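A.B. asks: Encoded as structure tokens, here's the structure I'll be asking about.
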Amino acid sequence: MFPERIETDRLILERISHDSVDIFVLHELYSDGDDTEEMFEYWDSTPHKTMKETYDYVNKAERLWNDAEGAKYVIRPKDGEDGAGAIAGTTGLYPDWEKRLGNLGILLDKQFWGRGYSGERADALFSVAFDRLDLELVVAAHIDGNEKSRQAINKYVERYGGQYEGLLRNWLPLSETVADVHRYTISREEYLEATEC
């Protein structure tokens, strides 16, 4: 149902599975490091403390894929990009089939921030959601206070004529609190109008 591999101008998105991703390398992204605290500040999970957590994360990605409930990908810069071939982050598209919508998610290693990768992978996942899966709406969201995500989401939502839906208070349970979340949407019609040649 989902593409195993997606290529954009600068990125390769590759399905997360035990066959395609080295969990030791993925663990480096998700475990404690110099920039990990800042990376996870506005994320819905905490850094992985053990290899087993990363192993379980990959198992969950495979289950979501097999059940057609979500597609998780590693993001790698292409040749010619700084850090080519390295895991720059992870992303996902999570359909809610009953609501005919898909939710986006992304976690980028701090060294890859500010390059426009969030928007570029969003463009690719919009194509999957609307052209391949025939969904009617794509949702992007960020935790209140995450200014970098707000800026990135605003850029591609505006590019496709989408809209800001508002602030959802006490929306996302985290380990020690419940976060307020800002929600944005792009409809199939908006996407098609923006991509007409």
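A.B. asks: Given the pairs Lys60/Lys155; Lys60/Lys110; Lys78/Lys110, which are separated by over 27 angstrom at their Cα positions?
C.D. replies: Listed pairs above 27 Å: Lys60/Lys155.
A.B. asks: Show which aspartates and glutamates lie in cross-link reach of Lys99 when reach means a straight Cα distance below 15 angstrom and same-chain residues fewer than eight apart are skipped.
C.D. replies: Candidates past the 8-residue exclusion: Glu69, Asp134, Glu136.
A.B. asks: Still on this structure, I have one more. Quick one: what do you get for the range 32-90 if you divide its Cα Rg by 2.2 N^0.38 Å? Can you show the working numbers first?
C.D. replies: Working: Rg = 13.6 Å, N = 59, 2.2 N^0.38 = 10.4 Å.
Relative to the 2.2 N^0.38 Å estimate, the range 32-90 comes out at 1.31.
A.B. asks: While we're on this one: Seen from all sides and averaged, what is the projected area of the convex hull of the Cα atoms in the range 72-114, in nm²?
C.D. replies: On the way: hull surface 14.1 nm².
Orientation-averaged projected area of the Cα hull: 3.5 nm².
A.B. asks: On to the next question. Could you tell me what percent of the accessible area of the range 151-197 is made up of carbon and sulfur, with a 1.4 Å probe and every protein chain present?
C.D. replies: On the way: 1480 of 3220 Å².
About 46 percent, which is the carbon plus sulfur part of the accessible surface.
A.B. asks: I need two numbers for the range 93-197: Rg to one decimal and Dmax as a whole number, Cα atoms only, in Å.
C.D. replies: 13.8, 48
A.B. asks: How big is the charge dipole of the range 57-197 about its Cα centre, in debye rounded to the nearest 20, if each Lys and Arg gets +1 on its Cβ and each Asp and Glu gets -1 on its Cβ? Numbers along the way, then the final one.
C.D. replies: Numbers: 18 positive and 24 negative charges, 75 e Å.
Approximately 360 debye in magnitude.
A.B. asks: Name the shape class, rounded, prolate or oblate, that the alpha-carbon gyration tensor gives for the chain, where a ≥ b ≥ c are the square roots of its eigenvalues, rounded holds for a/c under 1.5, and otherwise prolate holds if a/b is larger than b/c and oblate otherwise. Could the numbers behind the result be given before it?
C.D. replies: Details: a/c = 1.39, a/b = 1.21, b/c = 1.15.
Because its axes are fairly even, with a/c under 1.5, the chain counts as rounded.
A.B. asks: Subtracting the Cα-Cα distance from 0.36 nm times the residue separation, let me have the gained length for Ala194 to Asp79 in nm, one decimal.
C.D. replies: Values: separation 115, 0.36 × 115 = 41.40 nm, distance 2.91 nm.
Additional length available on full extension: 38.5 nm.
A.B. asks: Give, as ranges by residue number, the residues of the range 134-152 whose backbone N falls under 20 Å from the point 7 Å along Cα→Cβ of Val178.
C.D. replies: Inside the label zone: 141-146.
A.B. asks: Related question: Quantify, in whole percent, the carbon and sulfur part of the accessible surface of the range 41-84 (1.4 Å probe; protein heavy atoms only). Write out the running numbers ahead of the final one.
C.D. replies: Values: 1100 of 2470 Å².
Answer for the range 41-84 is 45 percent, counting heavy atoms of protein chains only.
A.B. asks: Skip the ligands, DNA and RNA, and give the accessible area per residue of the chain with a 1.4 Å probe, whole Å². Can you show the working numbers first?
C.D. replies: Details: 10610 Å² over 197 residues.
So the chain comes to 54 Å² accessible per residue, rounded to a whole number.
The values are calculated or read from the model by the stated rules, or taken from the named source; none is laboratory data. All of these numbers come straight from a predicted model, not from anything done at the bench. No Cβ is skipped: glycine too gets one built from the backbone with ideal geometry, and neighbour counts run over all protein chains shown. When the accessible area is computed, the model is the full protein with side chains, heavy atoms only, and any ligands, DNA or RNA have been set aside. Shrake-Rupley method; radii C 1.70, N 1.55, O 1.52, S 1.80 Å.
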